[in-house]
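Inspection log for the structure reproduced underneath, given as structure tokens.
Read the figures in this text as sums done on the coordinates, not as results from a lab. Since this is a predicted model, take the numbers as computed values, not measurements. Counting neighbours? That spans all protein chains shown, and the Cβs are built from the backbone with ideal geometry, glycine included.
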């Protein structure tokens, strides 16, 4: 049975980089943040989301694979068809300029 190709154009990305308080861990956190920022909008802390092409999804994943340590780091990418294919409920006030935490 062949898998049907679905063109996902919107993703949510979550990451958890181990040892973020060590020198090496801080480097990986900063690198992962910069890579994600190239392709997606920073939503909060270690969460990014946004419209993205299939080609850029592949580039993003390949860049992240070069930086993370797969034995201790964790990245999740949730793919949806488009920004209108999910419903979002927000509670509280989102932080302004949350990306300044990492810059």
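The criterion of at least 2 residues that are under 10 Å from the mean Cα position of the chain (by Cα), in contact (Cβ under 8 Å) with a residue 12 or more places away in the chain and exposed (fewer than 13 other Cβ atoms within 10 Å of the Cβ) is met by the following strands (runs of 3 or more DSSP E) wholly inside region 34-92: 74-80. Taking the criterion of being farther than 17 Å from residue 74 by Cβ, surrounded by 15 or more Cβ atoms within 10 Å (Cβ to Cβ) and either free of Cβ contacts under 8 Å to residues at least 60 places away in the same chain or touching a helix residue (DSSP H, G or I) at 6+ places or on another chain (Cβ under 7 Å) (or both), the only residue of region 9-33 that qualifies is 10.
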